[in-house]
1. Which one, Pro134, Ile31, Ile113, projects farthest toward the positive side of the charge dipole computed for the chain from Cβ point charges (K/R +1, D/E -1)?
2. Would you give the gap between the C-alpha center of the stretch 86-107 and the C-alpha center of the stretch 35-84, rounded to a whole Å?
3. Considering the chain, which cysteines have no disulfide-compatible partner, defined as another cysteine with its Cβ under 4.7 Å away?
4. With helices defined as uninterrupted DSSP H runs, which ones in the chain have an alpha carbon span along their own long axis of at least 20 Å and mean Kyte-Doolittle hydropathy of at least -1.0?
5. At a Förster radius of 22 Å, what calculated FRET efficiency corresponds to the Cβ-Cβ distance of Phe69 and Leu44, to the nearest 0.05?
6. Based on DSSP H runs of at least 4 residues, each adding -39500 (n - 2.57), what is the mean residue ellipticity at 222 nm of the chain after dividing by all its residues, to the nearest 500 deg cm²/dmol?
7. For Rg and Dmax of the Cα atoms in Å, pick the label among (1) 20.1, 69; (2) 18.5, 61; (3) 16.5, 54 that corresponds to the value derived from the coordinates.
8. Where nothing but the Cβ of Lys and Arg (+1) and of Asp and Glu (-1) is charged, how large is the charge dipole of the stretch 27-171 around its Cα centre, in debye to the nearest 20?
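Derivation of every value follows stated rules applied to the coordinates shown; laboratory data play no part. Since this is a predicted model, take the numbers as computed values, not measurements. Using ideal geometry, Cβ is built from the backbone for each residue, glycine included, and neighbour counts are taken over all protein chains shown.
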Amino acid sequence: MTKNKLQHQRQQQIAHKYSCVINSCVGKLGIIIANNQIAKIVYLSTKARLISPKNLVTRQIVSKIKKYFCNPRLQFKLVMNLSGTVLQIKIWKALQKIPCGKTITYGELAQKIGTSPRVIGNACRRNPIPIIIPCHRVVAANGLGGYCGNVNSGAIKIKEWLLKHESDYKL
C-alpha cells in the first residue's frame, strides 16, 4: 500500500471515530459525543483533518471549548458521558472543583479523597475529557508531573500552556 493510501485510510478512520475535529490553542482536538453528551477529547496530530460539528449539541460543546480558550474562567456546564470506576468518577468530579488558575498536588488531592497519590495519577491518566475535567491542575510535589498519561515534552508543553493560560488570565 502506498504512503498516500495509508494516510487516506488513517484520515477515514479519524472521520468515523470523532464527532468533530477542531483547531485549538493547544493543537487539534478530536471530540467524541455519545448520547448527546461529551464522552471524550483526544489530542490529535497536527496532520489530522478538521471535521465540522454536524449537529446542534456538538456545535454547542465546541462553542464552550472555544470560549475556554478565550476566557478560562468560564465554567463548563456540560453533561458528560463518563465511563470509569466509582473511584475514578469521584476523582474526576473532585478535579472539576479545583479553581481555575490554581493547582493541587497528587498527594494533597489523595488526602482529601482518602486514597493514594498513585490512584489519583491513574485517574488523571484515564481522564477521558481533559480540559473540561482539568487534570492539568494536578501537579507532582516536585514539579509538573505528567499530563494525560504522558511525560513527553509535547504533553508537558500542553499542561504548561493550560496552567499559564489560566493563571495569567485577568478579569
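1. The one lying farthest along the dipole's positive direction is Ile31.
2. Between the Cα centre of the stretch 86-107 and that of the stretch 35-84, the gap is 19 Å.
3. Cys20, Cys25, Cys70, Cys100, Cys148
4. Those that clear 20 Å and a mean of -1.0 are 56-70, 153-168.
5. The pair Phe69/Leu44 has a calculated efficiency of 0.85.
6. It lands at -13500 deg cm²/dmol.
7. The value matching this structure is (3).
8. 380 debye
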